[in-house]
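Structure first, then comments.
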Amino acid sequence: MNDPQRRLREDLLDWFDANQRTLPWRGSRDPYRILLSEVMSQQTRILVVVDYFHRFLDRFPNVEALAAAEESEVLALWSGLGYYQRARRLHAAAREVVSRGGFPTSFEGLKSLPGIGDYTAAAVGSIAFDVVEPVLDGNVERVLTRWLRLGGDPKRVAVRRRLRETAATLLDAQRPGDSNQAMMELGATICTPRSPRCGDCPLAESCRAFRDGVPTEYPESKPKNVTKVLEVWIAVVVQRDDRLLLARRSAESEVLAGAWMVPSVRLSSEEFKKGRRARWTWRADGVARNLTRSFGGRWSVDRPVAQVKHGITFRSLEVHCSRARVDRLPRRDDLVWVTPPELEALHTSSLVAKILSAQSSSLDLGAEL
């Protein structure tokens with residue numbers, strides 16, 4: 001039977017065998033290691049992922065160990081990797097796998113795990129269990145839209161259907177895991193967004209965008225109207241002996257959900273403008289009252305001595321950092337006094353490190369922290 005795509009599949013696999021990067025999860029058929037690598041790699045650079053992957057495996061060497069852990073411990077180890085919802089879903093998936101007695105071995109079975117979509121199910125299924133299902137992530141979308149010179153937003157249903165059908169024709173049924181990894185690797189290392197190395201691409205000879213000299217014009221995408229929301233926060237550093245006070249944000253918070261943070265108050269733009277006009281006295285009293293409402297106790301707040309900026313998704317935070325003192329603080333599960341070594345073991349936002357660093361230079365906190 002004539003198969004015009006057979007040569008392309010062979011060329012892709014030959015290229016992958018000769019050029020694949022050395023990564024700690026490559027060559028493994030362990031679905032846990034593969035799942036961990038795929039979840040960590042979402043929206044994160046591979047060089048960053050490698051260090052976290054090793055640390056995570058040292059602490060949670062198998063899916064049973066991850067399932068048995070407390071969520072707070074998982075989040076603490078994930079701290080700094082960002083997009084913490086990934087860690088929560090990974091943890092939930094691990095518990096579901098253990099409750100079922102092992103990983104599902106089919107595409108649909110893997111998709112039924114918490115937080116596992118088409119891409120992750122195809123990646124884990126093909127690499128660990130030889131499931132013949134194509135992956136379609138951003139790297140693969142870019143390769144295929146250029147190869148086809150296919151216009152339209154890859155997120156649209158019709159375009160995505162065409163890409164998936166094409167990916168299926170290029171998937172080698174005898175080596176589906178390697179075949180999928182070859183496509184992803186090609187997009188990550190050769191068919192890059194801005195400077196594709198078309199001369200090194202195994203698909204260049206049949207690539208329509210390369211033939212027409214327009215590879216960087218694909219994929220087309222709908223312009224995003226992203227509005228950055230500016231939020232103004234007052235964050236207070238409270239110390240007692242060698243300990244620092246932290247407050248855990250609600251799991252339902254829009255920003256830094258579930259993370260430990262120095263106590264803080266979010267101001268509306270109107271409140272902040274009013275505070276600027278009335279100078280710091282009004283703002284200090286307002287912040288103290290807000291902290292009392294949120295955490296109890298009696299607070300006093302100094303004027304800000306440092307300012308940091310922090311970006312989270314579509315938000316830009318302007319954080320004004322102050323010293324504070326508190327008396328009669330009640331015992332609460334969302335408040336904790338920690339020493340510097342204990343701070344490292346908690347799931348804290350990277351914003352905490354920025355605040356402490358800014359305060360340290362202005363208030364000489366370095367020796368205390």
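The values are calculated or read from the model by the stated rules, or taken from the named source; none is laboratory data. These numbers were taken from a predicted model, which means no experiment stands behind them. All Cβ positions, even for glycine, are placed from backbone atoms using ideal geometry, and neighbour counts span all protein chains on display. For the accessible areas, the whole protein counts, side chains as well, though only heavy atoms, and no ligand, DNA or RNA atoms are used. Shrake-Rupley method; radii C 1.70, N 1.55, O 1.52, S 1.80 Å.
Structural remarks
- Gyration tensor (alpha-carbon) shape descriptor, the stretch 51-142, a/c threshold 1.5: oblate
- Compared with the dominant Cα axis of the chain, that is its longest principal axis, helix 118-129 is turned about 60°.
- Contact order normalised by residue count of the chain, Cα under 8 Å, 6+ apart, percent: 15 percent
- Top positive-direction residue, dipole computed over the stretch 89-247 with Cβ charges, set P104, A209, A188: A209
- The chain: antiparallel DSSP beta bridges as a percent of all, rounded to 5: 70 percent
- Cα gyration tensor category, rounded, prolate or oblate, for the chain with a/c compared to 1.5: prolate
- Across the stretch 66-225, the mean sequence separation of Cα contacts (distance under 8 Å, 6 or more residues apart), normalised by length, yields a relative contact order of 21 percent.
- Distance (nanometres) between label positions extended 7 Å along Cα→Cβ at Y83 and S206: 3.1 nm
- Signed unit charges on C-beta, dipole axis of the chain, positive-most listed residue A122, V48, V308: V308
- Evaluated with a Cβ-only charge set (Lys, Arg +1; Asp, Glu -1), the chain carries a dipole of roughly 1760 debye about its Cα centre, given to the nearest 20.
- In this simple spin-label model, placing a label point 7 Å from the Cα along the Cα-to-Cβ direction at both R160 and Q174 gives a separation of 3.3 nm.
- Subtracting the Cα-Cα distance of Q307 and R266 from 0.36 nm times their residue separation leaves 13.3 nm of extension gain.
- Accessible surface of K354 - all protein chains present, 1.4 Å probe, nearest 10 Å²: 80 Å²
- Pair L230, R194: separation of 7 Å Cα→Cβ label points (nm): 2.7 nm
- Using a Gaussian network model of the chain in which every pair of alpha carbons under 10 angstrom is joined by a spring, one finds that among D285, D51, D212 the greatest mean-square fluctuation is at D212.
- Think of each Lys and Arg Cβ as +1 and each Asp and Glu Cβ as -1; about the Cα centre, that makes the dipole of the stretch 58-116 roughly 200 debye.
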